[in-house]
């Protein structure tokens, strides 16, 4: 009886390995891609104003944390210029215009925006 069970388990493991080797990688790799990966590819190295946290603004002197918090809470935006319609001081508008080319806008994704994750996404130095 033990040999029969061992043979059956061996057969199942062997069949699983063969199936994994026979199915081409792109066929199952597309299923494993998630929304965050798609957004990272779509933003092309820029900060996505609709799907980022305030931590993404640390690279821009003067924007983190006050202006970044206003921008994050003021969304979603249809274009980068829509940020100028929120309640900003003249200095904050000037600062935003200085770095405006580093930002982009994509559709907001609920998986990246739910809860308080946009204010404190748990990434610490």
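The values are calculated or read from the model by the stated rules, or taken from the named source; none is laboratory data. The structure displayed is predicted, hence computed values, not measured ones. Methodologically, a virtual Cβ is constructed for each residue, glycine included, from the backbone with ideal geometry; neighbour enumeration extends over all protein chains shown.
Consider region 20-37 and keep the residues that are assigned to a helix (DSSP H, G or I) and at pLDDT below 70. The one that is farthest from residue 76 (Cα to Cα) is 25.
On the stretch given as region 51-97, residues that are touching a strand residue (DSSP E or B) at 6+ places or on another chain (Cβ under 9 Å), assigned to a loop (DSSP other than H, G, I, E, B) and modelled with pLDDT of 90 or more total 1. Restricting attention to region 98-125, the residues that are modelled with pLDDT under 90, within 17 Å of residue 56 (Cβ to Cβ) and assigned to a helix (DSSP H, G or I) total 3.
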